[in-house]
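Structure first, commentary second.
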Amino acid sequence: MVKKSSVSLRLALRFTLLVTIASLVLSVAFSIVLGVQLRSQKDQELQDCEKIIEEALLKSETEFNSLPYYITYVLWKNNEKNQKEVISTNDPFLPLLEETGNKSRAYIAKNYFIDGDLNILYFAKKLELDDTITIQTCVNMDTDSTRTLNKQIPRVAIIAFFPILLISFFVSLFMTRHTMAPVVKMTNTAKEITSESLEKLLPVSIHNDELDELAKTFNELFAKLKNDFDRERQFTSDVSHELKTPVAVILGQANLLRRWGKDDPVQLSKSLETIIGETKSMQSIIENLLQMSRLESGRVKPELVSVDVNKLFERIKTETESLVPETDFDISCDDSVSVLADEELLHQVLTVVVSNSLKYTTAIVDPDGTNRKPAIKAVAEKAGDRTVIKIEDNGKGFDESSIEQVFERFFRQDSSHTRTAGGSGLGLSIARTIVQTMNGTITAYNTQNHGAGIKIELNSYS
């Protein structure tokens, strides 16, 4: 079993490591900057002391009482034998060193004393009087308190690091756990969500921060999944309902033939026709579902080309009048109107729409007792970079309460899904899928004459 890793612990450790590195860098940088600053101050102090001695010598004074107590000096010259000769000093152990220019220099001599080394910072300058005198001012770096303090800073910082790091670790651990608390709640809630409980929502706080945005995004995803699950459940139920009737009819006819119908030529022919008809109905449902599945999954992609809408209308008109000669088919479309579409798929869409109009219109009985003669109006016009295609009929139109559902699978105007009107209820659903794959939209509406209308919008071909 793999042990779970804590994000809070990892973040706390990373934060502590960051604090450690930052503290070390700042400590070293502070020590370096302080050392440079102290060296600069000492350099200036040694030069100032040299000036004091120089001004005193120019006044023929031999006492330098204004020098700080920790500053040592030595005045020396070269004698006639070119040997260095001490003129005056307050520390007889100081070495006689050459001129340093404009800056002080460090001088370290190992085992200079019996009990140790010599470590001084000195400044030396020549002064021309009766003789050439070298003025040398020094400070002992081993006894310099500021330098000693600067050396102790890294050591003190290292000692102080341990409690600081310990405190920072626990503080950061507390903060990260508090910050990650909403994520833990979301995780626990997500574990409880199943396909049967998609209505559960992840908790959202009042802070409206990134975590809340994440929770809202997941809640929207769960809502979409719930809609998809509900739609698939309904789809499964509708398929079962649609296939149940033909299967029951086929089974009934088969049992009828098995018992005694096979000996009756009339009943045999009738039963076979019924079985063949119901089988074709089932085959049509399956083929339509497969086509929708291929279109929705992208396995079948439309070949978008320029389609002359007027010619397509004429084709639909000819096919309609050959099937229902009494149909009044009116076309209103300019010859220049063309759309970017797959011609055969668009033809299938228009055929579905016209077939629905014919089916529901011819089923209407007018007051004179005759079936109503269908009237179809096909209109196409440009609207900016889109082309609007409308198919309207003279039927009873759509039920206003269910007009938004006419493109759902297996939907019929009657909620009982009766088969008296014919068809499987997949036609308009397939039409919508096809139009969407061609980057278009399809909507249903009722005309001013109370007939049914279908509006299709597609990109114009330019």
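The values are calculated or read from the model by the stated rules, or taken from the named source; none is laboratory data. All values reported here derive from a predicted model rather than from experimental measurement. All Cβ positions, glycine included, derive from the backbone under ideal geometry; neighbour counts span all protein chains shown. Just so you know, the surface numbers come from the protein's heavy atoms only, side chains and all, with ligands and any DNA or RNA stripped out. Shrake-Rupley method; radii C 1.70, N 1.55, O 1.52, S 1.80 Å.
Name the residues in region 59-90 that are without any contact (Cβ under 8 Å) to a residue 12 or more places away in the chain and out of contact with any Asp or Glu (no Cβ under 9 Å at 6 or more places or on another chain), would you?
Answer for region 59-90, where residues must be without any contact (Cβ under 8 Å) to a residue 12 or more places away in the chain and out of contact with any Asp or Glu (no Cβ under 9 Å at 6 or more places or on another chain): Lys59, Ser60, Glu63, Asn65, Tyr69, Glu80, Lys81, Asn82, Gln83, Glu85.
Residues to consider are Val349, Val354, Val379, Val324; find the one that is open to solvent by less than 90 Å² (accessible area, probe 1.4 Å) and either farther than 25 Å from Gly425 by Cβ or of a type in the set (Phe, Trp, Tyr) (or both).
Val379
Val266 passes all but one of (1) in a helix (DSSP H, G or I); (2) within 24 Å of the chain's Cα centre (by Cα); (3) over 28 Å from Gln348 (Cα atoms); which number fails?
(2)
For region 277-301, name all the residues that are within 13 Å of Arg409 (Cα to Cα) and open to solvent by less than 40 Å² (accessible area, probe 1.4 Å).
Within region 277-301, Ile285, Asn288, Leu289, Met292 meet the criteria.
Among the listed residues Thr318, Thr236, identify the single one that is open to solvent by 40 Å² or more (accessible area, probe 1.4 Å) and either closer than 30 Å to Ile364 by Cα or not in a helix (DSSP H, G or I) (or both).
On inspection, the qualifying residue turns out to be Thr318.
How many residues does region 415-444 contain that are at pLDDT 90 or above and open to solvent by 50 Å² or more (accessible area, probe 1.4 Å)?
5
Quick check on this structure: which one of Leu57, Leu67 is in a loop (DSSP other than H, G, I, E, B), aliphatic (A, V, I, L, M) and more than 30 Å from Ser168 (Cα to Cα)?
When all the criteria are applied, what remains is Leu67.
Do we have any residue at all in region 140-148 that's at pLDDT 85 or above, β-branched (Val, Ile, Thr), surrounded by fewer than 18 Cβ atoms within 10 Å (Cβ to Cβ) and within 30 Å of Ile87 (Cβ to Cβ)?
The answer is no; no qualifying residue exists.
Show the residue pairs meeting these rules: Cβ distance below 6 Å; 6+ apart or different chains; first residue within region 383-394 and buried (at least 20 other Cβ atoms within 10 Å of the Cβ); second residue of a type in the set (Ser, Thr, Tyr).
Going by the 6 Å Cβ cut-off, the qualifying pairs are Thr387/Ser460; Glu392/Thr447; Asp393/Ser357; Asp393/Thr361.
For the condition modelled with pLDDT of 75 or more, closer than 30 Å to Phe411 by Cβ and either more than 24 Å from the chain's Cα centre (by Cα) or open to solvent by 80 Å² or more (accessible area, probe 1.4 Å) (or both), what is the one hit in Phe229, Phe222, Phe218?
None of the others qualify; the one that does is Phe229.
Of (1) outside any helix (DSSP H, G or I); (2) without any contact (Cβ under 8 Å) to a residue 40 or more places away in the chain; (3) open to solvent by less than 30 Å² (accessible area, probe 1.4 Å), Asp335 satisfies all except one. Which?
(3)
Condition check ((1) under 60 Å from the mean Cα position of the chain (by Cα); (2) among the hydrophobic types (A, V, I, L, M, F, W, C)) across all residues:
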position: Asp43; (1), (2): yes, no
position: Ala56; (1), (2): no, yes
position: Glu61; (1), (2): no, no
position: Lys77; (1), (2): no, no
position: Lys81; (1), (2): no, no
position: Lys84; (1), (2): no, no
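Among the residues of region 30-66, write down those that are open to solvent by less than 70 Å² (accessible area, probe 1.4 Å), more than 19 Å from Ser88 (Cβ to Cβ) and not polar (S, T, N, Q).
Within region 30-66, Leu34, Gly35, Leu38, Lys42, Asp43, Glu45 qualify.
When you go through (1) touching a Phe, Trp or Tyr at 6+ places or on another chain (Cβ under 9 Å); (2) charged (D, E, K, R); (3) part of a helix (DSSP H, G or I) one by one for Lys377, which number turns out not to apply?
Evaluating Lys377 over (1) touching a Phe, Trp or Tyr at 6+ places or on another chain (Cβ under 9 Å); (2) charged (D, E, K, R); (3) part of a helix (DSSP H, G or I) leaves (3) as the failure.
Quick check on region 70-103: of everything there that is touching a Cys at 6+ places or on another chain (Cβ under 9 Å) and among the hydroxyl-bearing types (Ser, Thr, Tyr), which residue is nearest to Asn140 (Cα to Cα)?
Looking at the filtered set, the residue picked out is Thr72.
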